[in-house]
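This report refers to the structure that appears directly beneath it.
The values are calculated or read from the model by the stated rules, or taken from the named source; none is laboratory data. No experiment lies behind these values; they were computed from the predicted model shown. Here the Cβ positions follow ideal geometry from the backbone for every residue, glycine too, while neighbour counts run over all protein chains shown.
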Amino acid sequence: MVGPYGGTIYQLQASQGELFQVCFEGQCLFCESLHVGMAHLNRMERIAVSAHTAQPAS
């Protein structure tokens, strides 16, 4: 799955079921559900976008 700003969620098979790897701009984390992974990706992208738009133009 790819987020609107290029972040990704990968579904992995772990020894005790599914695991989801959430990555955006070089940072990754792991979650046990797609729902939680989507929430983390949304937050990561939202924070990055607001940080980029808050910077003054040079």
Task: Residue, farthest from Ser33 (Cα to Cα), within the stretch 2-16, restricted to residues that are surrounded by 11 or more Cβ atoms within 10 Å (Cβ to Cβ) and without any contact (Cβ under 8 Å) to a residue 40 or more places away in the chain - done: Gly6
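With the requirement that a residue be aliphatic (A, V, I, L, M) and either over 11 Å from the mean Cα position of the chain (by Cα) or farther than 15 Å from Tyr5 by Cβ (or both), what does the stretch 17-38 give you? Explain how you work it out, then say what you get.
If we filter the stretch 17-38 for residues that are aliphatic (A, V, I, L, M), which is where we start, we get 19, 22, 29, 34, 36, 38.
Scanning the stretch 17-38 gives Leu19, Leu29, Leu34, Val36.
Among the residues of the stretch 7-32, how many are out of contact with any Asp or Glu (no Cβ under 8 Å at 6 or more places or on another chain) and not β-branched (Val, Ile, Thr)? Explain how you work it out, then say what you get.
Step one: filter the stretch 7-32 for residues out of contact with any Asp or Glu (no Cβ under 8 Å at 6 or more places or on another chain), giving 8-10, 13-16, 21-23, 25-31.
Those left that are additionally not β-branched (Val, Ile, Thr): 10, 13-16, 21, 23, 25-31.
Counting residues in the stretch 7-32 that are out of contact with any Asp or Glu (no Cβ under 8 Å at 6 or more places or on another chain) and not β-branched (Val, Ile, Thr) gives 14.
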Open item on the list: Among the residues of the stretch 46-58, are any modelled with pLDDT under 95, within 13 Å of the chain's Cα centre (by Cα) and surrounded by 14 or more Cβ atoms within 10 Å (Cβ to Cβ)?
Closed with: yes
